[in-house]
Structures are given as C-alpha cells and as structure tokens.
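Input: a single structure, listed below in structure tokens.
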Amino acid sequence: MKASDATTYFFNKAADQLCLADWIRKLLVTSRRELAVQVIVEMDDGRVETFLGYRVQHDNARGPMKGGLRYHLDVSLDEVRSLASLMTWKTAVVDIPYGGAKGGVAVDPTRLSRRELERLTRAFVDGIHDVIGPDTDIPAPDMGTTHEVMSWIRNQWEKYHGFNPAVVTGKPVEEYGAKGREEATGRGVGILAIKLLKRMGVKVEGCRTAIQGFGNVGSHAAKFLSEATFPIVAISDISGCYYNPKGLDMKSVLKHSLEHKSLAGYKQAELLPVDDLLTLDVDLLIPAALGGVINDENVDKVKARTIIEAANSPILPKAHESLAERGVTVLPDILANAGGVTVSYFEWVQNRQHYRWSLDRVRQELDSTLSQAFEQVWQQSLQSKVDLRTAAFMLGISRVHRATELAGIG
Ligand code: NAD
C-alpha cells in the first residue's frame, strides 16, 4: 500500500464520521503544490552525483505551511505527500496557526561527508528557496536531518532573501534556535504517555516499555520516560534490539549512544534481532523510527496493549483495524509526535519577536498545548465512540474545514 493511500484511508474514515461533503474531501486530500527538484552535488572525490529532492505543500487554510525535511534513501514523492498531509492534521489537532508541508531528499546521509551533506543541503535550498519562507512554508528537522542542516538551510535561503531566521526551525540554540526544541518530540511523547495511561487507569511504575529507534525522538522519549519511572525493557536502532526484562539502565545507554553515535556494542543487555522489539511481551510499545513497521505480517504477534506512535505512520490501515478489534489502544502520530512542531512554533514566534524564552517556559507551554489537545481528542473519541486516531483526524479535519470556509473559495 502506498503511504498516501494509508493516510487517505484514515482521512476518509474520519470524513465519513463527519459526513464531509465531496467538494471539501477532494480539496483536502489534494496537495496545494508538489515540487520535485534535481539536487546536483560535487562529491569530495570530484565525482558529480544527482539526487532527487521534494517539497510538498499540502494545505495553508490555517496558516503558513510547516513540516520537516527528511534525508533517507526511501524518500519518494508519494511518501512526502502523505507526510505533508499528516502535518496539516497535526498542526490543527494541537491548534497552532499553521498548515502542513513536508520535504525530503532520497539520500543515505550516513554515506556523505559533512562537507558533502552541506553542499547537498545548499543545492536543495537553491531548488526550493522560492516556495519556502517565514510566511509561506517553514521547514524543520526530521529523520536524517539535524540542527546543523537547519543552519545551512537558513544561511542559503538568506543569500536570496535577506536576514530572517524564522524561515526554518530546529536551528541550534546559539543560532536563533529555541531551548527545548531538540528534546521536544520525545518529551511530548513522554508527556502524552503519562496522560494516556492515567486516563486508562494504568500505573506507570510497572509499565514495561519498548522503544523502536534511538535517534532524536526515541532517545529523548526514553530519557523522559525512564526519569518518570517507566521500566524501559527494550530499545533498538539500526544495529539491533537491546533487551533487559528487568529494565535497562538508561543513564548508561544514553552515555553509550552519545559516545558511539549508535547502540552498537552496548553490553548491558541481550542483543536480539532488530525487528523482535515490536513483538516483545511489553505493556507499552513506542515505534520511533520508520513508517509501516506494524503491518499485515507482524500485527498478530504484537503483544503490547498500548501503542504510542512517535514515528509518522508506523501502523498501516489493516493492522490498525486488527489492533482496534483486539482492544489495543493506539495514540496516533498526529497527536503523539506533535511536540516537535509545537516547539518549532515557539521557535518561530521567538524569532519573529526577536525575543528568547527560558527552557522552563518552553516546557510549560508544551505541556499545556499537548494536554489541551489530548483532552480534546479523548473527549471526541468518547463522544463519537471512535478510536483515538479517528477522533484526532475528526478534530483536525473540522478545524481545517472551518478555516477553509471562513476564508472563502475563489
Ligand atoms: P533520527 O534519524 O534521529 O533517528 C532514527 C532512528 O531510527 C535511529 O536510531 C536509527 O538507527 C533508527 N532506525 C532506523 N531504521 C530502523 C529499524 N529498521 N529498526 C530500528 N531502528 C531503526 O530520526 P528522528 O528525528 O528520531 O525521527 C524518527 C521518527 O519520528 C520519524 O518517523 C519521524 O518522521 C518522526 N518525527 C520526528 C520529529 C522530530 O522532531 N525529529 C517530529 C515528529 C515526528
């Protein structure tokens, strides 16, 4: 199944509940603009390589479009289209004044030197600079991109358009970034995990948790949750799954991952095949890596009773239905990982006001934004007797629909 078909499936399910008219359905499943560009890079050894880059702008009814930039070999126009649409629903669910966009380059960033990565980023910005900007479309980090990449984007864009750091978020703190942005997505996952379990009447102390992916999102979620006394029994990255049924010592895991830039070689755990993490006997499962990892093939083996989608689109539609039938509670991506875009919004606000917030203020405002969104999704789910994903889509779609109608067509 194509990534965009999966997103459209969830969209339609919620649109049916809302009895959404055909004209607005068609408008909302179609992107405003889809741009594909050649990214030509001179490599360190003098060879010239050509990559494909994309920026999809899905909807701007509620404000400038906003969405991350992914560097990964699997990046395709269809995947970016699907992720851009998810951004529209995500920004609407947490009620920040943005629309949705996404971008990416089909490249394995780990095979490029730092200078090659910088040249690739600058060449990509050369291709898209006209369609992004602080009032139109604001990129941010996603898989494979870092705060350093965001700095290069800003610098390259400003060569064409002049000083305006609000063109991109997720920048280094000393280069107009926001305190708390780097931890925000993982911290948000943690905040929402506690809220969800509380609502479900489950104690966090004994909640055995497994986290797939130990990059920006997975590592910060693990840190936050272990500090909140969740026993983290398994984590994984591309090098394998690290398991300790008694709970991993997160301080030593974080130290190892900081020193080695990978979990490879971590000895205080049993090493299992990488995909075993998804089917371990745990209470809470947090996919925080790739899309489509819970699918027809493994869904029957998933034992967790609660899943929090820290990654985008980790559960495919059929697997979603099968989990719902079994009574597994899933907190959907468009709410679960919205902490990142929320603090990106705070960064943009600070850039525009030439003012800096303290880390405490960022954390407090993040907590309050996510708490409000969580309660609204929870109430929608009770009221409409639908799962949390359908409830979140219903909330997001209603807000975008209303903004579209208020602005008028034509
Ligand atoms: P990242 O590049 O920092 O980390 C990705 C991690 O996944 C790495 O540890 C990598 O080794 C691991 N990984 C890759 N393939 C794997 C596999 N097959 N099994 C296990 N681990 C694997 O990326 P990130 O920024 O942490 O993003 C992770 C997910 O969260 C993505 O789906 C992204 O779209 C989503 N997300 C990120 C942000 C953000 O602020 N960074 C915001 C919202 C959503």
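The values are calculated or read from the model by the stated rules, or taken from the named source; none is laboratory data. Note that this is a predicted model, so its numbers are computed, not measured. Virtual Cβ from ideal backbone geometry, glycine too; neighbours counted across all protein chains shown. Accessible surface areas use protein heavy atoms only, side chains included; no ligands, DNA or RNA. Shrake-Rupley method; radii C 1.70, N 1.55, O 1.52, S 1.80 Å.
Worth a mention:
- Of all aspartates and glutamates in the structure, those lying under 18 Å Cα to Cα from Lys303, and not within fewer than 8 positions of it along the same chain, are Asp275, Asp276, Asp281, Asp283, Glu321, Glu325.
- Given Lys66/Lys102; Lys179/Lys255; Lys66/Lys90; Lys66/Lys318, the pairs whose alpha carbons are separated by over 19 Å: Lys179/Lys255; Lys66/Lys318
- Annotation for His161 and Thr136: the two label points, set 7 Å from Cα along the Cα-Cβ direction, are 0.7 nm apart.
- The Cα atoms of region 307-410 define a convex hull whose projected area, averaged across directions, is 9.0 nm².
- Mean sequence separation of contacting Cα pairs (under 8 Å, at least six apart), scaled by the length of region 179-410, corresponds to a relative contact order of 20 percent.
- Relative contact order for the chain, counting Cα pairs under 8 Å that sit 6 or more residues apart, in percent: 17 percent
- Of all DSSP beta bridges confined to the chain, the antiparallel ones make up roughly 50%.
- The chain - mean residue ellipticity at 222 nm from DSSP helices (-39,500 (n - 2.57) per run, n ≥ 4, rounded to 500): -15000 deg cm²/dmol
- Here region 32-175 is treated as an ellipsoid with the same Cα gyration tensor; its semi-axes, largest first and in whole Å, are 24, 17, 13.
- A dipole drawn for region 179-410 from +1 and -1 charges on Cβ atoms has a positive end, and of Gly327, Leu277, Gly190 the residue lying farthest that way is Gly190.
- Carbon and sulfur %, accessible surface of region 32-175 computed with the full protein complex present, 1.4 Å: 47 percent
- Length-normalised contact order for region 32-175 - Cα pairs under 8 Å, 6+ apart - percent: 25 percent
- Protein heavy-atom accessible surface, 1.4 Å probe, per residue over region 139-289: 43 Å².
- Using a Gaussian network model of the chain in which every pair of alpha carbons under 10 angstrom is joined by a spring, one finds that among Trp23, Trp89, Trp348 the greatest mean-square fluctuation is at Trp23.
- Taking the chain as a Gaussian network of alpha-carbon nodes connected by springs under 10 Å, the highest mean-square fluctuation of the residues Leu272, Leu86, Leu316 belongs to Leu272.
- Burial ranking of peptide ranges 106-115, 237-246 (average Cβ count within 10 Å, highest at the top): 237-246, 106-115
- Per residue, region 22-92 exposes an accessible area of 42 Å² to a 1.4 Å probe, with every protein chain left in place.
- Rounded Å value of the spacing that divides the Cα centres of region 1-39 and region 166-237: 29 Å
- Shown for the chain is the translational diffusion coefficient from the Stokes-Einstein equation, using the Kirkwood radius over Cα pairs, a temperature of 25 °C and a viscosity of 0.890 mPa s: 115 µm²/s.
- Counted residue by residue at 0.36 nm each, then reduced by the alpha carbon distance between them, the extension gain from Val202 to Asn295 reaches 30.9 nm.
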